[in-house]
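Shown next, in structure tokens, is the structure this report addresses.
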Amino acid sequence: MPWSRAIAATLDRADHANAVRYDANRDHEIAVIASQERNLQSNLAPLRGRSYLVFHDAYRYFERRFELSPVGAVTVAPERPVGARRIGALRSEILKGKVTCVFREPQFSPRLIDTLVRAAQPKPGVLDPLGANA
């Protein structure tokens, strides 16, 4: 929330006549974000310690913040094809039972994820960071 404070402070300096409005908006935004964080903490708490696999490594800060445990990511760079060695390593983790869920993203082809979950049937899931299906 430091960015909310920084934005409000900058606007206060640039347009002091509306400082009260900027400060009220800042306080409202901080309250909304705090509420969302509490809801996420509560909803994600039962998932701590359960391992999963994401399509690409884009959630590191979120995972750290909410103490989640990814096994890893299918790819580091979605624009590059995943090699056979990487697919084999992921399938091995799945077959060992170390992965309870594999997440795909709607903007990428599901074929690779479908291949991986076929190995041991972990639950498939969808993370939609772009809101493609909203």
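Whole number in Å², please: accessible area per residue of the stretch 1-114, 1.4 Å probe, ligands, DNA and RNA not counted. Mind showing how you got there, number by number?
Numbers: 7550 Å² over 114 residues.
Solvent-accessible surface per residue comes out at 66 Å².
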Quiz item: What is the dipole size for the stretch 62-103, taken about its Cα centre, with +1 at each Lys and Arg Cβ and -1 at each Asp and Glu Cβ, in debye to the nearest 20?
Solution: 160 debye
Quiz item: When only the heavy atoms of the protein chains count and the probe is 1.4 Å, how do Glu105, Glu29, Glu67 rank by accessible area, highest first?
Solution: Glu67, Glu29, Glu105
Practice problem: Please work out how much accessible surface Val82 shows to a 1.4 Å probe, ignoring ligands, DNA and RNA, in Å² rounded to 10. | Solution: 40 Å²
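Round to a whole number: what % of the accessible area of the chain belongs to carbon and sulfur, probe 1.4 Å? Show your work: numbers first, answer last.
Values: 4940 of 8950 Å².
With neighbouring chains kept in place, the figure for the chain is 55 percent.
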Quiz prompt | Cα-centre dipole for the chain with unit charges at Cβ (Lys and Arg positive, Asp and Glu negative), debye to 20 | solution = 780 debye
Quiz prompt | Extreme residue, positive dipole direction of the stretch 20-134, given options Ala77, Val54, Thr100 (C-beta unit charges) | solution = Thr100
Quiz item: At 222 nm, what helix-only mean residue ellipticity would the chain give, in deg cm²/dmol to the nearest 500, using -39500 (n - 2.57) for each DSSP H run of four or more?
Solution: -15500 deg cm²/dmol
Quiz item: Which FRET efficiency, nearest 0.05, do Val126 and Lys98 yield, Cβ-Cβ r, R0 25 Å?
Solution: 0.75
Exercise. Please tell me the relative contact order of the stretch 64-129 in percent, rounded to the nearest whole number, where contacts are Cα pairs under 8 Å and at least six residues apart.
Key: 30 percent
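Could you work out the relative contact order of the chain, using alpha carbon pairs under 8 angstrom and six or more residues apart, expressed as a whole percent? Working shown, then result.
Working: 142 pairs, mean separation 24.0, N = 134.
Worked out over the chain, it gives 18 percent.
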Practice problem: Write down the Å³ per residue value for the convex hull defined by the alpha carbon atoms of the stretch 40-134. | Solution: 101 Å³
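The values are calculated or read from the model by the stated rules, or taken from the named source; none is laboratory data. Just so it is clear, the structure is predicted and the values come from calculations on it, not from any experiment. For neighbour counting, all protein chains shown are included, and Cβ atoms are generated from backbone atoms with ideal geometry for every residue, glycine included. The accessibility values were calculated without ligands, DNA or RNA, using every heavy atom of the protein model including side chains. Shrake-Rupley method; radii C 1.70, N 1.55, O 1.52, S 1.80 Å.
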